[in-house]
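Q: Starting off with a structure, shown below.
Only the coordinates and a few stated rules stand behind these numbers; no lab work does. Here the structure is a predicted model, which means the values were calculated and not measured. Glycine gets a Cβ as well: all are built from the backbone with ideal geometry, and neighbour counts include every protein chain shown.
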Amino acid sequence: MKTLNETGLSPEAVIELLDNFKKQDIEPNKARLLQGIHQGDPTVKQVCQDAHNRFFHHNAFIATYEDGQKQILNELKQMVVEILNGGEEACVNITTGGSESIFCAMHAAREWARVNKPDIRQPYHIVMSRSAHAAFDKAAHYLGMELTRVPWKEDYRADLQAMEEAIQPNTIVVVGSAPMWGFGLVDPIPEIAALAQKHDLWMHSDCCVGGYLLRWMEELGHEIPTWDFRVPGVTSISADLHKHGYAAKPCSTVLYRNRELQNFHYAGVDITNWQSGSYKTEGVAGSRPFASSASAWAIMKHLGHQGWLDLTRRSLEVKNRLIEGLEAIDGFECIRNESLLVCFRSTTLDMGLVFGGVVEKGYFPFGTLDPLYIHMSAEPVSDEIIEMVLSDFRDIAKGVKDGTITGEALAKYM
Ligand SMILES: Cc1ncc(COP(=O)(O)O)c(C=O)c1O
């Protein structure tokens, strides 16, 4: 049977089919916290959708030839630099996601090393903690670079000594996460950047999760190791607008400390030797949505500094309520971290069965496998959603204890 039908269906019939597919997915209220949806509150979501719809067919690749779109992008980039304390010098490229931002930064680092470290033999080498995101491994593979992940310290943060010991003659980059995906903890970025300065290395601060969050948390009085361009020695930063910028996917940013460093972003990929003249793109993608950038701009304008602080405050309240509710369940404990990630496990129950129970309850559990933790990303959701999640986890714990949860449901994802 062919999948492409011979004659077209009506628009209504097509949408009905899509709705039926959607019904098979995880129920949106159940997806909300466990799948890191990042939609903010209902008004933020509406602003995002409205802005996105205004530009849903527009191509950011040609936005620089459109006066209005160009201005939106310029303002968006300026706000990004302000948020990440880039001062007068920092430069931004908008990409399709954290993985592309990381790829671009590693590419720029490689090109920087070609010029600035002519004595080093390739393949170049990246040093990072075990907790850094898998996007670095992908980037290293695509770019023909080597990479060493060093064990983390007991508290899961980067181990400076282990990182320094892993530096080799061909090392050009050290990485820190602010925060790491696995546990929501911020690495000691100032110390990693100092290590980079000591050995004349490129230092990348991966703020994909924290770029549009940590600033507000700091202003709300949370103690966080500094993560952005205030730290001397931070060369580049990745920061995702489609996470705590609440923008439509795909939308991220990669920042360079100054124009000279940003020039390495374009090294070798500012194409002129074909029939159509200069082909210089923001990142890896050619055509890409303008709509997600428009949504990021609209949300920033809608929230402003105070609105973002307030949204973060409300998200942190949800985080605290989740932690309190989870830790009231027998054997559950949560990591105390510097983010909106609620990372938890049970010290008394079989976590494999807990994962199975989560699937049985109609969720998909994100988290870490070694050690086993489940994740939620806190947002200002309703009391009903918070209570539903906590009540489901109480049931799961009970089911694991009395043997009614077998973990069979998990097999679906294995
Ligand atoms: C710390 C960190 N870095 C990078 C990424 C990759 O981002 P993306 O999925 O947008 O490519 C993620 C994704 O969750 C992340 O948590």
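Q: State the extension gain, in nm to one decimal, for the chain segment bounded by Lys22 and His141, taking 0.36 nm per residue of separation less the distance between their alpha-carbons.
A: 39.3 nm
Q: Can I ask one more? How are the alpha carbon pair distances in the chain distributed across 10 Å bins from zero to the largest one, expressed in percent?
A: Here the calculated profile for the chain is 5, 20, 28, 26, 16, 5, 0, 0.
Q: Let me ask something additional. Stretch Asn258-Phe56 to full length: gain in nm at 0.36 nm per residue minus the Cα-Cα span? Provide the component values of the computation, followed by the final result.
A: Working: separation 202, 0.36 × 202 = 72.72 nm, distance 3.20 nm.
Stretched out fully, the Asn258 to Phe56 stretch lengthens by 69.5 nm.
Q: Apply the Karplus parameterisation 6.51 cos²θ - 1.76 cosθ + 1.60, with θ equal to phi minus 60°, to every residue of segment 302-308 and state each ³J(HN,Hα) to the nearest whole Hz, in sequence, with x for glycine and proline.
A: In residue order, the calculated couplings are 5, 6, x, 4, 5, x, 5 Hz.
Q: Among Leu17, Leu147, Leu311, which one shows the biggest mean-square fluctuation in a GNM of the chain, springs joining Cα atoms closer than 10 Å?
A: Leu17
Q: Then there is this: What residue among Glu164, Glu16, Glu360 shows peak mean-square fluctuation when the chain is described by a Gaussian network model with Cα springs under 10 Å?
A: Between Glu164, Glu16, Glu360, it is Glu16 that shows the largest mean-square fluctuation.
Q: Could I have the simple spin-label model distance between Thr7 and Ile385, label points 7 Å from Cα toward Cβ, reported in nm to one decimal?
A: Going from the Thr7 label point to the Ile385 one covers 4.4 nm.
Q: Considering the chain as a Gaussian network with a 10 Å cut-off on Cα pairs, which listed residue, Gly36, Gly87, Gly268, attains the greatest mean-square fluctuation?
A: Top of the fluctuation ranking is Gly268.
Q: Tell me the label-point distance for the pair Lys401, Asn170, using the 7 Å Cα-to-Cβ offset, in nm and rounded to one decimal.
A: 5.5 nm
Q: Let me ask something else about it. Would you mind computing the Rg to Rh ratio of segment 59-289 from its alpha-carbon coordinates, Kirkwood style for Rh?
A: Checking Rg against Rh, the ratio lands at 0.96.
Q: Sticking with this one: Please identify every one of the trypsin sites (Lys or Arg not before Pro) in segment 293-343 that sits in a loop by DSSP and has no more than 14 other beta carbons within 10 Å of its own beta carbon.
A: Arg336
Q: What's the extension gain from Glu218 to Asn116 if we count 0.36 nm per residue and subtract their Cα-Cα distance?
A: Value of the extension gain: 33.2 nm.
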